[in-house]
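Novice: Just dropping this structure here.
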Amino acid sequence: MSTKARNSVRVFGDGKETMIFSHGYGCDQNMWRLLTPDFAARYRIIVFDLVGSGRSDLKAYDREKYKTLGGHARDVLEILGELSQGPAVFVGHSVSGMIGALAAIEQPEQFSSLVMIGPSPCYVNHPGYTGGFTREDIDSLLDTLDSNYLGWASSMAPVIMGAKDQPELAVELTNSFCATDPEIAKHFARVTFLSDNREDLPKLKTRSLILQSSDDVIAPLPVGQYLHERLAGSTLKVIDNIGHCPHLSAPRQIAEAMAGFLQG
Amino acid sequence: MNDDRTLYDNAPCGLVSMRDGLIERANATFCIWLGYSPEELIGKVRLQDLLTVGCRIFHQTHWVPLLQMQGSVAEVQLEFLTREKRVVSVLVNAVRRLLDGAAHDDVAVFVATDRRKYERELLLARKHAEELLLSERTMQVQLNEALREREKEAQQRAVLAEQLIGIVSHDLRTPLHAILLGAKLLIATKVTPVQERTVGRILSATNRASRLIADLLDFTQARLGGGLGVTAEPLDLHALAAEAVDELKLAWPGRELLHQQSGDGQCAADPDRLQQVVTNLVSNALTYGLAGRPVTVTTRTDGDSAMLEVHNFGPVIPDDLMPHLFEPMRRGEQQVAQGSRSVGLGLYIVQQIALAHGGKVSVSSTLAEGTSFTLTLQR
């Protein structure tokens, strides 16, 4: 299985420099479709699915390899090694912020800069650290995932309304965004929400942009602040947005903030 | 009769509308299910605030991107927390409309407690089945391990037994030698006819025992020593066979034993081992062949190969015995005289000798043609 097929990699856009987009927990590379058009004229764009998500090869989901975020970071390095010429801009949402950081710590020469949208080095509160969740909260999520086995992740179809602005083709295309194997979804949730990469932060030498939503349950403001203080050469930009997916709900603001950061 | 407003409020499902996430409208059914008054919800609370923590995360990672990308979601399972912090399982449909630059979400909520119970049971049943499968697999693995352990033990016991045979056989040679020597001394002195017959029986029994021990030692060497040792030297196959046949004639008076030959008879082989082959094959032929018909030894050299064939008339070797003929401790069940010299090692040793020479043994057995064992060697 090639890296391209394993991660259902797609490459497009014109430009010398590469910009790679890595989606977060939940959906897949389709998350980027409101953002990539802004950069396709100036960059060679790589989008892909983390193994276990979207159209990636589910057979490649090795629980041993992906028991930490490092397994996904290795995949990112492999994709860049095969497809990128020169250092790339890495754009990661949510858990992929840390995946990008781990990859850049491992092979800094592959990265010119990191853009992290709603990143968190640790979702669970610790003494002196506010992650946003207690351990019980995360256990409740995993429990919910467990008991929602039949309802979540396996089918996420849109409402069939028969409306004119919802052609059937679109329905077929879109209803797999967040669908994946429920067992893998559970495992990935565990790995994501129990990850703690706070000690890796000082090792990151690549310049980075932290895009923090003003109101985000999953990565609250103090988390963005914490990251900014511990990542050398980081810029913190708070986006006026409610929710964890500003690249969907406020794509213009995200694109502007990124453009400013990449020029500077 | 219901007007629209009544129908909206008393609809058999919860109906909630949000504008940019904030609850803008909620029907009575929804408010009653969650234990809030409309005033407490409208304009103040977002839908996700009413969810359990696990569902709040799910709301962010799945629900929001899906609504954004596909405009609607159907049959999503969520858990609401009532005002009294009781969990209500629901199924939710949601549709997004964009009006005046704001996202309006219309949500229909159906209580699905029984469905959830049913699904939980399905889930439990599945888990149970998976556990059963796992325990069965574990048992299979343990069983296989036990079997392998047994096999290993059996093999160790077999090796031990073979070593024991080797040691005992070796140690038996010394006392046998003493008996043989004593008997020979006795017969050289003046003895009565009765004593002479007795000593004769002692001598022949001792010789038989010596041959048995020689076979056993060959067997252990072949099994444990990685094959029999042979020292090949140039020899005349015809002369060797003739000599062996002569000796056998003495041992089997009253039986007809023929020797035929063709070719020059020159080949390279271990003379003692070849003699052993002739003795073993002829003894078998005499034991199993028809008493009234001759046993024929044929030696032939031709081109690159030298052949030694022993033929007898008599009953056919049974088909089921054929594949095991050259295995140790196998022998034909019929016609074995009590006190026969064989312990079932003869053919095994013949084959080992053939292999040690880089040659082979073959057998053919039919009612019309009789039975032939053929040793073929490279000259």
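Novice: Which GluC sites (Glu not before Pro) does region B:77-129 hold that lie in a coil by DSSP with at most 11 other beta carbons within 10 Å?
Specialist: B:GLU84
Novice: Moving on. Give, in nm to one decimal, the length gained when the segment between B:GLU40 and B:LYS190 is fully stretched (0.36 nm per residue of separation minus the Cα-Cα distance).
Specialist: 40.6 nm
Novice: Give me the distance between the Cα centres of region B:29-102 and region A:176-222, rounded to whole Å.
Specialist: 23 Å
Novice: Would you mind checking the tilt of helix B:271-288 against the longest principal axis of the Cα atoms of chain B, expressed as 0 to 90 degrees and rounded to 10?
Specialist: Taking the Cα atoms of chain B, the angle to B:271-288 is about 90 degrees.
Novice: Then there is this: When chain B is treated as a GNM, springs tying every alpha-carbon pair under 10 Å, which of B:GLY43, B:GLY265, B:GLY227 comes out with the largest mean-square fluctuation?
Specialist: Of the options given, B:GLY43 has the highest mean-square fluctuation.
Novice: Among B:THR82, B:THR374, which comes first, then next, by fewest other beta-carbon atoms within 10 Å?
Specialist: B:THR82, B:THR374
Novice: Give the value in nm², to one decimal: projected area of the alpha carbon convex hull of region B:9-161, averaged over all directions.
Specialist: Its average projected convex-hull area is 13.8 nm².
Novice: How much of the calculated P(r) for region B:176-234 lies past 18 Å, in percent of all Cα pairs?
Specialist: Across region B:176-234, Cα pairs with separations above 18 Å total 53 percent.
Novice: Express the C-alpha Rg of chain B as a ratio against the empirical globular expectation 2.2 N^0.38 Å, rounded to two decimals.
Specialist: 2.24
Novice: What is the spin-label model distance, in nm, from A:ASP215 to B:ASN144 if the labels are put 7 Å beyond Cα along the C-beta direction?
Specialist: For the pair A:ASP215/B:ASN144, the computed spacing is 5.8 nm.
Novice: At 4 °C and a viscosity of 1.567 mPa s, what translational diffusion coefficient does Stokes-Einstein give for region B:80-192, taking Rh as the Kirkwood radius over Cα pairs? Give it in µm²/s as a whole number.
Specialist: Diffusion coefficient, whole number: 54 µm²/s.
Novice: Kirkwood hydrodynamic radius for the protein assembly as shown: how many Å is it when counted over pairs of different Cα atoms?
Specialist: With all distinct Cα pairs of the protein assembly as shown included, I get 32.8 Å.
Novice: Mind listing the long-range amide H neighbours of B:ILE23? Cut-off is under 5 Å, sequence gap 5 or more, other chains count too, H placed in the peptide plane at 1.01 Å from N.
Specialist: Excluding prolines and chain starts, which carry no amide H, the hits are B:GLY43, B:LYS44, B:VAL45, B:ARG46, B:LEU47.
Novice: Here's another thing I want to ask about it. Treat every Asp and Glu Cβ in region B:202-358 as -1 and every Lys and Arg Cβ as +1, leave all other atoms uncharged, and give the resulting dipole magnitude about the Cα centre to the nearest 20 debye.
Specialist: Roughly 600 debye for region B:202-358.
Novice: If you keep only loop residues by DSSP, which trypsin sites (Lys or Arg not before Pro) in region B:40-99 have at most 14 other Cβ atoms within 10 Å of their Cβ?
Specialist: Those satisfying the criteria are B:LYS44, B:ARG83, B:LYS85, B:ARG86.
Novice: Let me see the P(r) profile for chain A: every Cα-Cα distance counted, bins of 10 Å, each bin given as a percent of all pairs.
Specialist: With 10 Å bins starting at 0, P(r) equals 7, 30, 39, 20, 4, 0.
Novice: What trypsin sites (Lys or Arg not before Pro) in region A:22-104 are in a loop by DSSP, with at most 15 other Cβ atoms within 10 Å of the Cβ?
Specialist: Sites meeting the loop and neighbour criteria: A:ARG33, A:ARG42, A:ARG63.
Novice: I'd like the Kirkwood hydrodynamic radius of region B:181-292, using the inverse of the mean 1/r over distinct C-alpha pairs, in Å.
Specialist: One decimal place: 16.7 Å for the Kirkwood radius.
Novice: Let me ask something additional. Using alpha carbons only, how many degrees (0 to 90, rounded to 10) separate the axis of helix B:237-251 from the longest principal axis of chain B?
Specialist: Computed tilt is about 80 degrees.
Novice: Quick one: check the C-alpha center-to-center distance for region B:171-201 versus region B:259-325, whole angstrom.
Specialist: Cα centres, region B:171-201 to region B:259-325: 33 Å.
Novice: Between A:ARG190 and B:GLU136, how high is the FRET efficiency from 1/(1 + (r/R0)^6) when r is the Cβ-Cβ distance and R₀ = 35 Å? Nearest 0.05.
Specialist: Taking R0 as 35 Å, the efficiency between A:ARG190 and B:GLU136 is 0.85.
Novice: Any chance you could check the Cα centroid distance between region B:129-152 and region A:30-70 for me, in angstrom?
Specialist: So the two Cα centres are separated by 40 Å.
Novice: Let me ask something else. Could you put B:TRP63, B:TRP33, A:TRP32 in order, starting from the residue whose Cβ has the fewest other Cβ atoms within 10 Å?
Specialist: B:TRP33, A:TRP32, B:TRP63
Where a number appears in this text, it was derived from the coordinates with a stated rule and is not lab data. Quantities reported herein were computed from a predicted structural model and do not represent experimental measurements. So basically every Cβ, Gly included, is an ideal-geometry build from the backbone, and we count neighbours across all protein chains shown.
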